[in-house]
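Below: one structure, written as structure tokens.
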Amino acid sequence: MPPDLFPHYIEFRDVFKAFDHPVLENVSFYADAGKTLAIIGRSGVGKSVTLSHIMGFLKPDSGEVIVAHSDITGMTEAELRPIRKKVTMVFQSGALFDSLTVGENILFSLELREDYNEKDKDDVVKGLLQMVDLQDVGDLYPADLSTGYKRAVAISRALAAQPECILYDEPTTMVDPIMSDDLGNLMLRLKRQLGLTSIVVTHDLDLMRKVADSVVFLDRGKAIFFGPVSDLERSEHPHVREFLAMDRLDMADGFEHD
């Protein structure tokens with residue numbers, strides 16, 4: 001496709017999706033190549049449904065979904081395959097294979113590629129673990145790791161496929177504040193070193209402020225805010241202001257109990 005037709009790496013154009021009721025109502029936003037977009041909002045507002053559309057797992061009832069500068073709205077599974085080599089997802093659960101070691105989990109992604117011999121694969125596994133500061137856990141099993149370390153391993157495994165874009169689904173949920181900060185630093189480092197485009201679904205506004213260039217706020221299926229993170233703080237929309245105020249209250253409550 002001509003790049004001027006789809007200039008943004010990922011874009012939703014008036015996307016509408018309903019199940020029993022509308023879940024996404026004429027939602028529009030975009031993320032440019034090499035940038036990070038955060039998707040925020042309360043539970044059940046369509047954040048995960050948005051990620052499923054980007055991966056092509058769901059199709060919109062109307063509107064267009066652009067991924068990797070291509071209109072994927074009407075693509076078949078076969079047509080989506082090359083897109084999914086460019087865009088990968090880190091699930092909230094980590095989705096690691098419990099019966100495989102950390103190294104074997106990462107190796108699993110490399111087995112799908114033809115550009116490494118066995119020695120190269122071992123070197124790449126070590127390099128990927130080093131990139132996420134987990135070079136000493138290759139022989140451990142997922143059950144031996146904390147939730148935060150599992151997420152870091154899942155990110156490492158996603159990088160094995162050499163994607164252009166990573167989708168993160170609630171990367172800091174059920175993770176302690178120190179590990180949450182470490183994951184945020186890791187996401188920033190990957191963006192700077194590898195030029196990755198990122199979409200981050202999160203409840204964690206500290207993470208949003210740390211890693212995101214822009215943010216879309218979903219409320220009852222509608223995108224009530226889309227723009228730079230700095231502009232979110234100045235939004236006059238009552239639902240945005242209420243959400244930010246609740247976050248500040250949670251933070252103050254946390255300090256009182258420390």
Give me a count of the residues in segment 202-228 that are surrounded by 20 or more Cβ atoms within 10 Å (Cβ to Cβ), within 23 Å of Tyr149 (Cα to Cα) and touching a strand residue (DSSP E or B) at 6+ places or on another chain (Cβ under 8 Å).
6
Can you name every residue in segment 1-15 that is part of a strand (DSSP E or B) and buried (at least 16 other Cβ atoms within 10 Å of the Cβ)?
Ile10, Glu11, Phe12, Arg13, Val15
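Condition first: surrounded by fewer than 13 Cβ atoms within 10 Å (Cβ to Cβ) and of a type outside the set (D, E, K, R). Now tell me which residues in segment 19-29 satisfy that. Don't jump to the end; show me each part of the working.
Step one: of segment 19-29, the residues surrounded by fewer than 13 Cβ atoms within 10 Å (Cβ to Cβ) are 19-21.
Selection gives Phe19, His21.
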Selection status of Glu242, part of a loop (DSSP other than H, G, I, E, B), over 17 Å from Ile54 (Cβ atoms) and free of Cβ contacts under 8 Å to residues at least 12 places away in the same chain
no
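Starting from residues that are at negative phi and acidic (Asp, Glu), keep the ones in segment 161-188 and report whichever is nearest to the chain's Cα centre (by Cα). Walk me through how you get there before you give the answer.
Let us first name the residues in segment 161-188 that are at negative phi, namely 161, 163-169, 171-173, 175-188.
If we keep only those that are acidic (Asp, Glu) as well, we get 164, 169, 176, 181-182.
Values: Glu164: 12, Asp169: 5, Asp176: 19, Asp181: 16, Asp182: 16 Å.
Here the residue is Asp169.
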Scan segment 48-85 for residues that are crowded, with 16+ Cβ neighbours inside 10 Å, within 15 Å of Phe16 (Cα to Cα) and in contact with a Phe, Trp or Tyr (Cβ under 7 Å, 6 or more places away or on another chain) and report the count.
4
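Among the residues of segment 30-47, count how many are on the phi < 0 side of the Ramachandran plot and either β-branched (Val, Ile, Thr) or surrounded by 16 or more Cβ atoms within 10 Å (Cβ to Cβ) (or both). Before you say what the answer is, go through the steps one by one.
Kept after step one, since they are on the phi < 0 side of the Ramachandran plot, are these residues of segment 30-47: 30-33, 35-40, 42-43, 45, 47.
Among the residues that remain, those that are also either β-branched (Val, Ile, Thr) or surrounded by 16 or more Cβ atoms within 10 Å (Cβ to Cβ) (or both) are: 30-31, 35-40, 45, 47.
Of the residues in segment 30-47, 10 are on the phi < 0 side of the Ramachandran plot and either β-branched (Val, Ile, Thr) or surrounded by 16 or more Cβ atoms within 10 Å (Cβ to Cβ) (or both).
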What about Val49, is it under 22 Å from Tyr168 (Cα atoms), at pLDDT below 95 and among the aliphatic types (A, V, I, L, M)?
yes
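Applying the selection to segment 212-225, what residues are more than 21 Å from Met187 (Cα to Cα) and touching a residue at least 60 places away in the same chain (Cβ under 8 Å)? Even if it seems obvious, please write down each step before you answer.
Here is the first cut: in segment 212-225, the ones more than 21 Å from Met187 (Cα to Cα) are 218-225.
Matches in segment 212-225: Leu218, Asp219, Arg220, Gly221, Lys222, Ala223.
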Only one of (1) in a helix (DSSP H, G or I); (2) surrounded by fewer than 19 Cβ atoms within 10 Å (Cβ to Cβ) fails for Leu107. Which number is that?
(2)
So for segment 173-191 (the condition being surrounded by 20 or more Cβ atoms within 10 Å (Cβ to Cβ), among the small types (Gly, Ala, Ser), in contact (Cβ under 8 Å) with a residue 60 or more places away in the chain and within 19 Å of Lys47 (Cβ to Cβ)), does at least one residue qualify?
no
Which of the residues belonging to segment 139-154 are in contact with a helix residue (DSSP H, G or I) (Cβ under 9 Å, 6 or more places away or on another chain), hydrophobic (A, V, I, L, M, F, W, C) and surrounded by fewer than 23 Cβ atoms within 10 Å (Cβ to Cβ)?
Leu140, Leu145
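The values are calculated or read from the model by the stated rules, or taken from the named source; none is laboratory data. These figures come from a predicted structure and were not determined experimentally. As a convention, Cβ positions derive from the backbone with ideal geometry for all residues, glycine included, and neighbour counts pool all protein chains shown.
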